[in-house]
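J.: One structure follows; several queries about it will come next.
The values are calculated or read from the model by the stated rules, or taken from the named source; none is laboratory data. Since this is a predicted model, take the numbers as computed values, not measurements. Cβ: placed from backbone, ideal geometry, glycine included. Neighbour counts: every protein chain shown.
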Amino acid sequence: MLSNFEEILTAALSLPPDARAMLYFKASTVRIKNRSMLPGAEEIERRIREIDESKVETIDGELVMRELRFRRRR
């Protein structure tokens, strides 16, 4: 079993950052049985659904971080 976990973890960590984020959020919503355990769970689910349905455009995380660093230097 540990071997399978390690293979899955290695595969997940090799994904591009946006795919890793999506995997994390989807896994998080699966773990949550009671919405009250995580404030904002409905908002997270709505945003994931909008991404899945191509209703919103995603932005590469590195691009966002570059822009934030640029703004911070000004």
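Table: residues versus (1) modelled with pLDDT of 90 or more; (2) in a helix (DSSP H, G or I).
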| position | (1), (2) |
| --- | --- |
| F25 | no, yes |
| S28 | no, yes |
| S36 | no, yes |
| E50 | yes, yes |
| V56 | yes, no |
| L63 | yes, yes |
| R66 | yes, yes |
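J.: Across segment 1-23, what is the total count of residues that are charged (D, E, K, R) and either at pLDDT below 75 or loosely packed, with under 13 Cβ neighbours inside 10 Å (or both)?
T.: Residues meeting the conditions: 2.
J.: Only residues in segment 46-62 that are in contact (Cβ under 8 Å) with a residue 12 or more places away in the chain count as the first member; pair them with residues that are among the basic types (K, R), Cβ under 8 angstrom, at least 6 apart or cross-chain, and list the lot.
T.: Listed pairs, sorted by first residue: I48/K26.
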